[in-house]
Every structure is written in structure tokens, then in C-alpha cells.
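Encoded as C-alpha cells, the structure appears first; notes follow it.
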Amino acid sequence: GYGKANEVPPSVQKAQKQASRSLIDVPLVEGSIPHQVWGHYGAAKVILVPAGAGTGIIAGQAVRMVCEATGIHDILTKSYGTNNPVTLVKATVDALSKLRTVEQVAALRGLEAEELTA
């Protein structure tokens, strides 16, 4: 969440309230993300690529904090456009909200998961 006020405590309260309202579920597969995904917000564009076990989080500071907070252990990222940390975080959250597992896609299409992978 992001909150602004004249003093620190009210801004922290605003940020926490906004964050609790905008929680998302992030599907993870063996400590990484299920597929490559793009996210954008304003002039910021972020690409998130799944990585093998032991790779770690290869990202800039703003994107790294979001990935660590979601529990991702192995991921490759690249950011394009602006280097404003607020817009990079929002672009990363946009990308993470677009993630789907094979089971979720199969359920949306009315198929079995085995039919999609075949």
C-alpha cells in the first residue's frame, strides 16, 4: 500500500489499510512462478521469468522486495521504462496478478489439466 500524510503514523495507517484491501493470490510452482508474464503501470514495464531452483531473485531493489514478500525464491526479472520505485512496484503487482496455474486455466476453459498439457 501507499499512503501520504503530513505525519508518519497516519501515512503508515493509510498504506496498511490500502494494502489489506488489495491483497492478491500469487500461484507458486516449486518456489518460482508458473510462466513468463509482463506487467505495466504508467511508463514502467516489468517482465518476470520463472527460474530453476537455486537461481535466487535476480531483480532490482523495488521488484526484489515485492518478490521476497510474496515468497518467490527463484525468478529472473527485467524492468523497462522508468526507474521510479513506486511505478515499478505497481507494475510488478500487475504482473503477479496475471499469473495462472495450469489447473486454473483448465477450469476456466472447462477442461481437465491433462488435456491442456497433452
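The values are calculated or read from the model by the stated rules, or taken from the named source; none is laboratory data. Computed from a predicted structure; not experimentally measured. Cβ sites come from the backbone with ideal geometry, for glycine too, and all protein chains shown count toward neighbours.
Among the residues of the stretch 91-118, just one is out of contact with any His (no Cβ under 9 Å at 6 or more places or on another chain), of a type in the set (D, E, K, R) and at pLDDT 95 or above, namely Lys98. Only one entry in Ala19, Ala5, Ala15, Ala43 is in contact with a strand residue (DSSP E or B) (Cβ under 8 Å, 6 or more places away or on another chain), of a type in the set (A, V, I, L, M) and either free of Cβ contacts under 8 Å to residues at least 12 places away in the same chain or farther than 30 Å from Thr117 by Cα (or both), namely Ala43. Residue count for the stretch 66-91 satisfying the condition of being in contact (Cβ under 8 Å) with a residue 12 or more places away in the chain, closer than 19 Å to Asp25 by Cβ and out of contact with any Gly (no Cβ under 6 Å at 6 or more places or on another chain): 8. For residues that are among the polar types (S, T, N, Q) and out of contact with any Pro (no Cβ under 8 Å at 6 or more places or on another chain), scanning just the stretch 22-67, find the one that is modelled with the highest pLDDT. Checking each candidate, the answer is Thr55.
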